[in-house]
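The values are calculated or read from the model by the stated rules, or taken from the named source; none is laboratory data. Quantities reported herein were computed from a predicted structural model and do not represent experimental measurements. Here the Cβ is made from the backbone with ideal geometry for all residues, glycine too, and neighbour counts use every protein chain on show. Surface accessibility is based on the protein's heavy atoms, side chains included, excluding ligands, DNA and RNA. Shrake-Rupley method; radii C 1.70, N 1.55, O 1.52, S 1.80 Å.
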Amino acid sequence: MIKLVLSDVDGTLIPLGKGKVSKYAMDAIAAVKEAGVEFGLATGRDVVELNGLFEGDTRAFETGILSNGKKIFVDGKLERLMLLNNEALKRALAVVREYPNTFMTAYPLNTNESNPIYCMGAPKEEVEAWGRTYSFSAIMASDVPDEEIIGSTIATNAPEQMLDEMCQRVLEACPEFDIAKPAARWWDILPKGVNKGTALQYLLDDLGIRADEAVMFGDADNDLAILRRLENAVTVAEATPAAFAASKYHIGRCEDEAVADALLDIAQASREGRMPRFMTKP
């Protein structure tokens, strides 16, 4: 039986840039929890961003993996926190500055509802266009600030092959880091060895749940670390080829609320003591 459901957010639970989680999806999450199944997010988003997306309803992420594994919550309590090395971020920024139409962000640990993000590199008007898609307020900065940083990304409008080259150079300059790709032209910088997959085992241990009792919904390459660890891995129709190949089950489109439909299926199956229908189709 399923005891834990995890879901990515952007491109999985909601279309990228939509801005809010639908009432239908929120009701589906509530139904899963009411059926006695633990629910949580496994996302690159942090608490302030999620508060906006879920309109202040924290029930969906009281338990889960946030900030790509740098934060783990269980029943509303922060159980694990990993920060990024500021000096290494400055070395990464030196590489990023060599590329056109490209910028790097730094997410402060201490933040507020406006979700202010330090942005370094590209012109302000270009950065603000990204901010409208990813729901952040840009604070233009000349360097990585000397404060606690929980997240960092590299974004570009340059050709994809140029981004691949740049990310490889960042990794060579910063052995303290790994890089994960949640969306086109948008790369997350992570502490070496930290990702959604490594956080998964901590979460399972804290909850006393086996891997075969957990389900993960995802869509992108930064979900691979979990999708490859779980037998019950699920992707939406818009998933990247790598994420699609790593998952055992495939559902409909994110835009059509396929994850919410599957959550309702899980809730009903749990109440009836059976496996969800989408997991038993031939």
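Remark: pairs (first residue in the range 204-219, surrounded by fewer than 16 Cβ atoms within 10 Å (Cβ to Cβ); second residue among the basic types (Lys, Arg); Cβ separation under 7 Å; 6+ apart in sequence or on different chains) = Ile209/Lys3; Ala211/Arg229.
Please tell me if Ala155 is part of a loop (DSSP other than H, G, I, E, B) and open to solvent by less than 60 Å² (accessible area, probe 1.4 Å). So Ala155 fails the test. Just one of the listed residues (Val21, Val32, Val48) is in contact with a Leu (Cβ under 6 Å, 6 or more places away or on another chain) and assigned to a helix (DSSP H, G or I), namely Val32. The one condition from (1) under 27 Å from Lys77 (Cβ atoms); (2) open to solvent by less than 30 Å² (accessible area, probe 1.4 Å); (3) part of a helix (DSSP H, G or I) that Ala243 does not meet is (1). Screening the range 60-70 for residues that are in contact (Cβ under 8 Å) with a residue 24 or more places away in the chain and under 23 Å from Ser270 (Cβ atoms) and picking the one that is surrounded by the most Cβ atoms within 10 Å (Cβ to Cβ) gives Ile65.
Selection of the range 253-274 for residues being in a loop (DSSP other than H, G, I, E, B) and more than 20 Å from Phe39 (Cα to Cα) yields only Arg253.
Right, Leu81: at pLDDT below 95 and surrounded by fewer than 23 Cβ atoms within 10 Å (Cβ to Cβ) or not? Criteria not met by Leu81.
The residue pairs whose first member lies in the range 37-59 and is in contact (Cβ under 8 Å) with a residue 40 or more places away in the chain and β-branched (Val, Ile, Thr), whose second member is open to solvent by 20 Å² or more (accessible area, probe 1.4 Å) and assigned to a loop (DSSP other than H, G, I, E, B), and whose beta carbons are closer than 6 Å, counting only pairs six or more residues apart or on different chains, are Val48/Thr111.
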